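Enquirer: Starting off with a structure, shown below.
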Amino acid sequence: MTSLGEERIPKDILEKFVKEIFIASGLDERQSKSISRHLVFANSRGVDSHGVNRVEIYTKRLDLGLVNKTFEPVITRESPISALIDAQNCSGIPVAEYGMEIAINKAKESGVGIVGIHNSNHCGMLADYVNEAVKNDCIAIATTNAPSNMPPWGGKDRFFGTNPFAFSVPAGNENNILFDMATSTVARGKIILAQKNNQEIPLGWALSPDGVPTTNPDEALKGVVLPVGGHKGYGIAFLVEVLSSLFTGAAFGPFIGDLYNELGHTQNVGQFFLVMRADLFQRIEEFKMRIDQMIHEIKEIPLMEGVEKIYLPGEIEMETRQDREQKGIPLSKEIRNELINVAKQYHVNERLLTEIPK
């Protein structure tokens, strides 16, 4: 999907602009830097549904007092390999970043690090967190639950969220593997982005409130998204829900506050991180060599008719990131104007964006 009036904004300028908005909204330097870096990183990977189009709703919830502006998470249970964090309702991205840091440090010390978070909020794109683990020669798995938008397989009413999970694996001379997916056919944020950009969505993404496939994002947001792969996606969504909420003590399913539609309720989202040193069972050099070997052999498999290249998990996003960090982050006219309007509310100088050469 494309949008008329799309412009490229240099990554550093966009990041600085978003950071100033969050500082003006009442967050401290650390949180503002964390959130702005994260959102722009999502855009750079082509995951625009989890990028700067979230600035408006994040700041709105801060203004309404639905998110704690003070970063004060508390570790309530801990062992040499695990920690449970009460996020104290602070912003989801900084506390998830903090949780992954703890998991990595425990993995370095004990081989495995497991962190659960509850009383959290929307934490953005999981790929960002597992990416930190892979930089430290660790294998990582991350999950988070989400507001109810998807029925269990065979049902017609909402229960599960889009319930994403991500993993990362360190490689040697090849690029690290970084994979992130929703367990719904598509992340709901993509439907929200299409709505903002006045675009239709492909058939198969969602059903209308009447249970009919729709290309209208307004109808899709009133209806339900569907699990990817039918009953198989439902099974994975169930596991994500257990790890993220039942295991950590966070809210589950329909008890999670909706990010956009329930502006009188907190969310109590849960996150789960599992980090393992990649050298637990063999030397790190040997492990990485074998990962490289597998990558080479996958790439050498003969192609199906009409296919130009076999991509590794996350490779498309990696190529998109290389392009966008060099040429700038593309923003539609609608999202760019939305950012400028938010900046004006906080008396942040919008000239950082408006004076970008066209």
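The values are calculated or read from the model by the stated rules, or taken from the named source; none is laboratory data. Small disclaimer: the values here were computed from a predicted structure and weren't measured. Glycine also receives a Cβ, built like all others from the backbone with ideal geometry; neighbour counts cover every protein chain displayed. Remember, those area values only see protein heavy atoms, side chains included, never the ligands or the DNA or RNA. Shrake-Rupley method; radii C 1.70, N 1.55, O 1.52, S 1.80 Å.
Enquirer: Excluding residues on the same chain fewer than 8 positions from LYS11, give the lysines whose Cα lies under 18 Å from its Cα.
Expert: Within the straight-line cut-off, LYS11 pairs with LYS19, LYS33, LYS327, LYS333, LYS358.
Enquirer: So, with a 1.4 angstrom probe, what is the percent of accessible area on the chain that is carbon and sulfur? Walk me through the numbers before you get to the answer.
Expert: Working: 8830 of 16730 Å².
Whole-percent figure for carbon plus sulfur exposure: 53.
Enquirer: Continuing with this model, one more query. Calculate for the chain the 222 nm mean residue ellipticity that helices alone would give, adding -39,500 (n - 2.57) per DSSP H run of length 4 or more and normalising by residue count, nearest 500 deg cm²/dmol. Intermediate values should be presented prior to the final figure.
Expert: Values: 12 runs with 139 residues, N = 358.
Dividing the helical sum by the residues of the chain leaves -12000 deg cm²/dmol.
Enquirer: Let me ask something additional. Using only alpha carbon positions, build the gyration tensor of region 1-92, then give the equivalent ellipsoid semi-axes as the square roots of 5 times its eigenvalues, largest first, whole angstrom.
Expert: Numbers: eigenvalues 162, 52, 29 Å².
Values for region 1-92, descending: 28, 16, 12 Å.
Enquirer: Could you give the length gained on full extension between TYR346 and THR76, defined as 0.36 nm per residue of separation minus the Cα-Cα distance, in nm?
Expert: Numbers: separation 270, 0.36 × 270 = 97.20 nm, distance 3.55 nm.
My answer for the length gained is 93.7 nm.
Enquirer: Report, for region 1-127, the % of DSSP beta bridges that are antiparallel, rounded to 5.
Expert: Numbers: 5 of 11 bridges.
Counting only bridges with both partners in region 1-127, antiparallel ones make up about 45 percent.
Enquirer: Could you tell me what percent of the DSSP beta bridges with both partners in the chain are antiparallel, to the nearest 5? Before the final figure, lay out the partial values.
Expert: Details: 36 of 42 bridges.
DSSP beta bridges in the chain are roughly 85 percent antiparallel.
Enquirer: Can you list the chymotrypsin sites (Phe, Trp or Tyr not before Pro) in region 259-358 that are in a DSSP coil and have 16 or fewer other beta carbons within 10 angstrom?
Expert: Values: sites: TYR260, PHE272, PHE273, PHE281, PHE287, TYR311, TYR346; in loops: TYR260, PHE281, TYR311, TYR346.
Taking region 259-358 and a limit of 16 other Cβ atoms within 10 Å, the loop chymotrypsin sites (Phe, Trp or Tyr not before Pro) found are TYR260, PHE281, TYR311, TYR346.
Enquirer: Ok, one more. Using a Gaussian network model on the chain with a 10 Å cutoff between Cα atoms, which of LEU246, LEU27, LEU64 fluctuates the most?
Expert: The residue with the greatest mean-square fluctuation here is LEU64.
Enquirer: Can you tell which of VAL74, GLY51, ILE284 lies farthest toward the positive end of the dipole of the chain, using +1 and -1 charges on the Cβ of basic and acidic side chains (Lys, Arg; Asp, Glu)?
Expert: VAL74
Enquirer: Enumerate the whole-percent occupancy of each 20 Å bin, from 0 to the last occupied one, for all C-alpha pair distances of the chain.
Expert: Percent of pairs per bin, in order: 29, 61, 11.
Enquirer: Residue by residue through region 261-266, what is 3J(HN,Hα) from phi via Karplus (6.51 cos²θ - 1.76 cosθ + 1.60, θ = phi - 60°)? Round to whole Hz and write x for glycine and proline.
Expert: 9, 10, 8, x, 10, 6
Enquirer: With a 1.4 Å probe and every protein chain left in place, work out the accessible area per residue of the chain in Å², rounded to a whole number. Before the final figure, lay out the partial values.
Expert: Working: 16730 Å² over 358 residues.
Per residue, the chain has an accessible area of 47 Å².
Enquirer: Continuing with the same structure: Among ASN121, ASN145, ASN198, which one moves the most in a GNM of the chain with springs linking Cα atoms closer than 10 Å?
Expert: The residue that fluctuates most here is ASN198.
Enquirer: Using a Gaussian network model on the chain with a 10 Å cutoff between Cα atoms, which of GLN31, GLN271, GLN345 fluctuates the most?
Expert: GLN345
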